[in-house]
Amino acid sequence: MSRRSCLHTFSEGNPMPQFVLVLAVVALVLVVESVLRARNYNGKKHNVIFMGAPGAGKGTQASRLAKDLNIPHLSSGDLLRKAVQQGTPTGDEIKSYIEKGQLAPDDLINKMIAEELSKPNYKDGFILDGYPRTVEQAEFLDDYLDEDNRYITAVVELQVDEEVLVERIAGRRICGNGQCNASYHLKFKPPLVPGTCDLCRRPLIQRADDTEAVLRERIERHEQRIVPLLQHYHHQGTLKEIKGEGPLEEIYDDILLSLGI
Ligand SMILES: [Zn+2]
């Protein structure tokens, strides 16, 4: 049935239903438009930092928010790897520290982030994840953005109980076959046959970083490092503490709410 004959049939006899239909469509368009607008910038730029312990889920939430707001998601770890791989001047410098088994100094990391944030696609907002890691880096970032009339609009801290983090990470298993790399979780995504990859039937292994002892140590180090950083942003009034447990959808909604989106 063509569109014309459909409308004709609908309006036959009584013109009211067609009028109501048009009103309903207009109302629907208005609602969808306002939701989309609210989900975008809400009239302001969002320069947001995500923080959280290993396994808190900040990467997942950060990349989703970046996608919905249509702004770049800058993960300092990814940027560092890219710079080293591409052999940029900063990347080569960082590589020389990594090869010596040392951490790249603050100055170098700051420079790498500033170079990236100066690109035009960051001017309308960005999501940072993995940086800053120290109060010195946070102060550098404040000064750098201030010179460009920008500032951090919010810092989202995903809070997850240590036992939940341990359960999430210590249950991870990956396929030992380097060609396959399938990933599993003892509780949330168990393989069909315990200890065996569904895809290639090879044995599953646990990453050295994912064992409970290593993990508890990483969480401990994270806690010590993050406290002064959280204080820094708390004083600025930008800190948003979000409970990072439960369904991903609910956590995401809490994040949007805290950002006034
Ligand atoms: Zn496999």
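The set of residues in segment 213-222 that are of a type outside the set (A, V, I, L, M) and loosely packed, with under 12 Cβ neighbours inside 10 Å contains only 217. The residues listed here are 129, 146, 124, 92; of these, the one that is surrounded by fewer than 17 Cβ atoms within 10 Å (Cβ to Cβ) and either modelled with pLDDT of 95 or more or under 26 Å from residue 224 (Cα atoms) (or both) is 146. Within segment 246-257, residues that are closer than 18 Å to residue 188 by Cβ and touching a residue at least 60 places away in the same chain (Cβ under 8 Å) reach partners that are assigned to a loop (DSSP other than H, G, I, E, B) and of a type in the set (Gly, Ala, Ser) with beta carbons closer than 9 Å, at six or more positions or on different chains, in the pairs 248/57; 251/57; 251/244.
Scanning segment 229-261 for residues that are over 19 Å from the mean Cα position of the chain (by Cα) and either within 16 Å of the ligand (Cβ to nearest atom) or surrounded by 12 or more Cβ atoms within 10 Å (Cβ to Cβ) (or both) gives 231, 232, 234, 236. Criterion applied to 158, 199 was being modelled with pLDDT of 95 or more, within 14 Å of the ligand (Cβ to nearest atom) and either touching a helix residue (DSSP H, G or I) at 6+ places or on another chain (Cβ under 6 Å) or more than 28 Å from residue 62 (Cβ to Cβ) (or both), and the one residue passing it is 199. Within segment 144-158, residues that are touching a residue at least 40 places away in the same chain (Cβ under 8 Å) and part of a helix (DSSP H, G or I) sit with their Cβ atoms under 8 Å from residues that are polar (S, T, N, Q) and surrounded by 15 or more Cβ atoms within 10 Å (Cβ to Cβ), at 6+ positions apart or across chains, in these pairs: 145/47.
Being touching a residue at least 60 places away in the same chain (Cβ under 8 Å), assigned to a helix (DSSP H, G or I) and in contact with a helix residue (DSSP H, G or I) (Cβ under 6 Å, 6 or more places away or on another chain) holds for only one residue in 114, 138, and it is 138. Restricting attention to segment 206-220, and to residues there that are in contact (Cβ under 8 Å) with a residue 60 or more places away in the chain and in contact with a Leu (Cβ under 9 Å, 6 or more places away or on another chain), which single residue is farthest from residue 190 (Cα to Cα)? The residue in question is 219. The number of residues in segment 180-196 that are part of a strand (DSSP E or B) and near the ligand (Cβ under 8 Å from one of its atoms) comes to 0.
In the set (1) touching a residue at least 24 places away in the same chain (Cβ under 8 Å); (2) away from the ligand (no atom under 16 Å from the Cβ), the condition left unmet by residue 177 is number (2).
The values are calculated or read from the model by the stated rules, or taken from the named source; none is laboratory data. The structure presented is a predicted model; accordingly, all values stated were derived computationally and were not measured. FYI the Cβ positions are ideal-geometry reconstructions off the backbone, even for glycines, and counts take in every protein chain you see.
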